[in-house]
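The values are calculated or read from the model by the stated rules, or taken from the named source; none is laboratory data. Since the structure is predicted, the reported quantities are computational estimates derived from the model, not experimental observations. Positions of Cβ are generated from backbone atoms using ideal geometry, with glycine treated the same way; all protein chains shown enter the neighbour counts.
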Amino acid sequence: MAVEYTKLWKMLIDKRLKRTEMARAAGISGNILAKLGKDEYVSLESLEKICRCLDCDIGDIVSIDRSKDEDPER
């Protein structure tokens, strides 16, 4: 997967929040939290909930790693 949530995990450390606390506050399910932990794609709606909860922009929690692109022609 080319998507990474490393920025999200760093932000949670800075804010001294546990992943489960953030999930509960944002109103996202454990399944979404598991997908985030595996750097899998999640809905924009879920990312918006997290951004609203953490008072940040999507670029503050998600990054794209071009070296992991499945199609090098992109």
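When every residue of the range 34-46 is checked against the conditions, none turns out to be of a type in the set (S, T, N, Q) and over 22 Å from Ala2 (Cα atoms). If you check Lys15, Lys35, Lys68, Lys49 for being at pLDDT 95 or above, exposed (fewer than 15 other Cβ atoms within 10 Å of the Cβ) and not acidic (Asp, Glu), only one passes: Lys15.
Residues that are loosely packed, with under 13 Cβ neighbours inside 10 Å and in a helix (DSSP H, G or I) within the range 22-32 comprise Gly30, Asn31, listed in sequence order.
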